[in-house]
Amino acid sequence: ELKVEQNPLFLSMQEGKNYTIYCNYSTTSDRLYWYRQDPGKSLESLFVLLSNGAVKQEGRLMASLDTKARLSTLHITAAVHDLSATYFCAPRISGDYKLSFGAGTTVTVRA
Amino acid sequence: SQTIHQWPATLVQPVGSPLSLECTVEGTSNPNLYWYRQAAGRGLQLLFYSVGIGQISSEVPQNLSASRPQDRQFILSSKKLLLSDSGFYLCAWSLGGNEKLFFGSGTQLSVL
């Protein structure tokens, strides 16, 4: 069973500052997804990281994957209010097609 | 393009009543289909997945069941709801051999 730990679970950000969300997982995984969920809404795919050392960036978000350390990070640069949401990481067990989700990190950006 | 429809959006049901949530996918054939549940303030728990018509795999024991009567239709059911069944239910699909999930809009179920 693939266990996924995200931290922090809650993150209060100040506008304009930088923050990082961490995602650790317990067994070998060869790819990992990041999803965003707005309150009461469904999940939207942000990134897929397909290999060790992969880095993806879009806007103020940058995600990276270290498969050897079993760690992915989601870095937020100069936080803005519209980034307030819950962010989930979801690695895939190598050779499987199911994703395992972390508990999510709820981000609130304040002025 | 592919779309996923899930209904109803919200549902309030008494304890002991039955449940039927429906999900359909358009624009693709033979998708993998999934039901997830998200309890308030919690992560996503995979309940069921299906790789084909009539093929259902259950991830956790519970009083829920799933069926796939048609290729692009996935139904979540219960004969008697419990309070603990409350949550946000999400249907999702992926293409066979590819694990990227596309989620429906979700059903907020409150069991009172």
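Figures for the structure shown
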{"quantity": "Order of exposure, largest accessible area first, which applies to A:13, A:62 with probe 1.4 Å", "calculated": "A:62, A:13"}
{"quantity": "Total accessible area lost when B and A pair, probe 1.4 Å, Å² to nearest 100", "calculated": "1500"}
{"quantity": "The stretch A:4-110: translational diffusion in µm²/s, Stokes-Einstein, Kirkwood Rh over Cα pairs, 25 °C, 0.890 mPa s", "calculated": "179"}
{"quantity": "Test item: Cα-centred dipole of the stretch B:3-111, Lys/Arg +1 and Asp/Glu -1 on Cβ, debye", "calculated": "180"}
{"quantity": "Residue A:69-residue A:41 pseudo-label distance in nm [points 7 Å out on the Cα-to-Cβ vector]", "calculated": "3.1"}
{"quantity": "Net +/- balance of residues flanking residue A:2 in space, Cβ distance below 13 Å, scoring K and R +1, D and E -1", "calculated": "-1"}
{"quantity": "Fraction of accessible area attributable to carbon and sulfur, chain B (%, probe 1.4 Å)", "calculated": "53"}
{"quantity": "Kirkwood-type radius of the stretch B:50-112, with distances r between different C-alpha atoms, in Å", "calculated": "13.2"}
{"quantity": "Those residues of the stretch B:74-112 whose amide nitrogen sits under 16 Å from the label point placed on residue B:58, 7 Å along Cα→Cβ", "calculated": "B:75-82, B:85"}
{"quantity": "Computed over the stretch B:3-111, Kirkwood Rh from alpha-carbon pairs, angstrom", "calculated": "13.8"}
{"quantity": "Per-residue mean of C-beta atoms belonging to partner chains within 10 Å, peptide A:41-51", "calculated": "3"}
{"quantity": "Candidate lysines for bridging to residue B:100, where Cα separation is under 18 Å - those fewer than 8 sequence places away on the same chain excluded", "calculated": "A:56, A:98"}
{"quantity": "Peptides ranked, highest mean first, by Cβ atoms within 10 Å: ranges A:44-56, A:86-98, B:6-18, B:43-55", "calculated": "A:86-98, B:43-55, A:44-56, B:6-18"}
{"quantity": "Magnitude of the charge dipole, chain A, Cβ model with Lys/Arg +1 and Asp/Glu -1, debye to 20", "calculated": "100"}
{"quantity": "Alpha carbon centroid spacing (whole Å) that separates the stretch B:62-111 from the stretch A:76-111", "calculated": "21"}
{"quantity": "Share of pairwise Cα separations in the protein assembly as shown, more than 32 Å, in percent", "calculated": "19"}
{"quantity": "Accessible area of the stretch B:46-112 divided out per residue, in Å², using a probe of 1.4 angstrom", "calculated": "44"}
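The values are calculated or read from the model by the stated rules, or taken from the named source; none is laboratory data. In this text the structure is predicted, and so the values were computed from the model without any measurement. We place every Cβ from the backbone using ideal geometry, glycine too, and count neighbours over all the protein chains shown. We work out accessible area using only protein heavy atoms, side chains counted, and drop any ligands, DNA or RNA first. Shrake-Rupley method; radii C 1.70, N 1.55, O 1.52, S 1.80 Å.
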